Amino acid sequence: MDDTPLNVSLLGDMLRRRHYEVLEANDGYQALEIVAQRSPELILLDINMPMMSGYEVCQRLKADPQTKDIPVIFISALNDVQDIVKAFEVGGVDYIVKPFQVREVMARVDGQLTIYRQRREIDTLRQREVQQYALLDELRRQFIGSATHDLKNPLALINGYVYLLETHPKIQDDAEIQGYLETIKRASRKMGHLVGDMLDLLKMEVGITLEISEFDLSALVRQQASDQELAARDKQQRYTVIVPDQPIMLQADANRLSRVVDNLVSNAIKYTRRGGEVSVALSLMDGQAVLEVRDNGLGIPTEALDRLFEPFYRVNTIEHRAVEGTGLGLSIVKSIVEAHGGSIEVESQLGQGSTFRVFLPLKTTQAGTA
Ligand code: ADP
């Protein structure tokens, strides 16, 4: 594009001789129209033109998502630094000075076209990869969904028959067989947890629909914490629960928040040694409810803290591994908390203990998908 017809035909002929298809324009408006209609792969743009300067044409091209990626090489008779700097500032990729040197023009045009074409190829490949990833992800979801769902029935069947065997008169007093049945029950319970957690995680991934009702968070935490007291007592742990006497009214998904409390407290008990300490505290701070679950148990190594909320992540020490778990609980907890507009944080030192804090806004949580 150049307002001097001679320049246009000179450059045009030069390029046509190299088998490029060339579209010509003599002013900015015409150039923008041609670009919009034909989407060229490269634009050679004169800077000094009446009506609309080359800079302005370039700025308009760069502002339009349809044309912003087309490389622009500026052409000018002026060889001054100001010009060059501005050409790059408005989005030009290169600069040619008149009068043209054929070989220089060709080298610059070829170079920019190669870059442009390679970039487009990369974009296409990337898009294809994104599509393939989405497809695989969908397949993964469907697979986990149907596999875990299909495991529920056989599990229920196993549990049912274990119960029949346990209470069967012929083996009721047989300690050896009762021992085997205990092992089957333990394994099936573990599998049940995994199936349940995986189904929950899947639900979170596709976006959970919160079932909102108004309830007292103090009562909920008190109840969930007391449900775990027996487990703590079994391990002779000192178990403290501090919940305000007055209600903390919340509009939220009570079942799911019960799951949060349950998970954090049972983790604290699980990952704390016999005779250790676990405490649960609920308080109000800056318009938020803060749930703090603290223990002086195994703790978490610093390098594991970043990955703790990832699905299936488990801390890899012998003592942590010895505790039964799926590695899904905390990722579910995080999804639930975030679906309520809240956040979760953890402070921990290996061998010293851990503190998990959940912050929940007290403002009305909107029902819906998160
Ligand atoms: P899991 O089913 O394995 O307990 P979670 O997702 O609840 O899965 O926790 C992920 C991992 O984080 C656990 O496997 C454990 O290694 C570590 N972890 C969680 N809570 C604690 C805690 N209170 N103390 C020490 N480690 C913990």
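The values are calculated or read from the model by the stated rules, or taken from the named source; none is laboratory data. Keep in mind the model is a prediction, meaning the values are calculated, not measured. So basically every Cβ, Gly included, is an ideal-geometry build from the backbone, and we count neighbours across all protein chains shown. Please note that ligands, DNA and RNA were not included when accessible areas were found on the heavy atoms of the full protein model with its side chains. Shrake-Rupley method; radii C 1.70, N 1.55, O 1.52, S 1.80 Å.
So here's what we get for this one:
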item	result
Stretch gain in nm, segment T167-E56, where the contour uses 0.36 nm per residue and the Cα spacing is subtracted	31.2 nm
In sequence order, calculated HN-Hα J values of the range 253-269 (Karplus, 6.51, -1.76, 1.60; Hz; x Gly/Pro)	8, 5, 4, 5, 5, 4, 4, 4, 4, 4, 5, 5, 5, 5, 4, 4, 5
For A252, distant residues with modelled amide H under 5 Å away	S213, F215
Label-point gap, in nm, between Q246 and R357 - each point 7 angstrom along Cα→Cβ	2.2 nm
Sequence ranges 52-64, 263-275, ranked by mean other-Cβ count within 10 angstrom, highest first	263-275, 52-64
Value of [θ]222 nm, deg cm²/dmol, for the chain, DSSP H segments ≥ 4, -39500 (n - 2.57) each, nearest 500	-17000 deg cm²/dmol
Radius 13 Å from Cβ of M249, net charge of other residues (Lys, Arg +1; Asp, Glu -1)	-1
Out-of-range pairs (alpha-carbon distance over 18 Å; input K152/K190; K62/K86; K62/K98; K152/K334)	K62/K98; K152/K334
5 angstrom amide H check on M49, placed H, neighbours 5+ away	G54
Rule-of-thumb Rg ratio for the range 272-370 [Cα; 2.2 N^0.38 Å; N residues]	1.17
FRET E, pair R321, A134, Förster distance 45 Å, beta-carbon r, rounded to 0.05	0.85
Net charge of neighbours whose Cβ lies under 14 Å from the Cβ of E292, counting Lys and Arg as +1 and Asp and Glu as -1	-2
Descending semi-axes in Å of the range 25-178, equivalent ellipsoid built from Cα gyration tensor	72, 15, 13
Estimated FRET transfer efficiency (D306, F100; beta-carbon r; R0 51 Å; 0.05)	0.35
Calculated from backbone phi, Karplus (6.51, -1.76, 1.60) coupling profile of the range 207-217 in Hz, x at Gly/Pro	x, 8, 9, 6, 9, 8, 8, 9, 8, 9, 5
The range 3-11 - phi-based ³J(HN,Hα) in whole Hz, Karplus 6.51/-1.76/1.60, Gly and Pro as x	7, 9, x, 5, 4, 4, 6, 4, 5
Cβ-placed point charges (K, R +1; D, E -1), dipole of the chain about Cα centre in debye, nearest 20	880 debye
Cβ-based charge dipole, the chain, positive-most Cα from G297, Q236, M249	Q236
Amide proton proximity set for I96, modelled H, under 5 Å, gap of 5+	F74, I75, S76
The chain - accessible surface per residue (Å², probe 1.4 Å)	58 Å²
For the chain, with +1 on Lys and Arg beta carbons and -1 on Asp and Glu, the positive-most of P169, A187, L15 along the dipole	P169
Quarter of Cα convex hull surface for the chain, i.e. mean projection, nm²	29.9 nm²
Stokes-Einstein D in µm²/s, Kirkwood radius over Cα pairs - the range 5-95 at 20 °C with 1.002 mPa s viscosity	160 µm²/s
Antiparallel bridges, percent of DSSP beta bridges restricted to the chain (to nearest 5)	70 percent
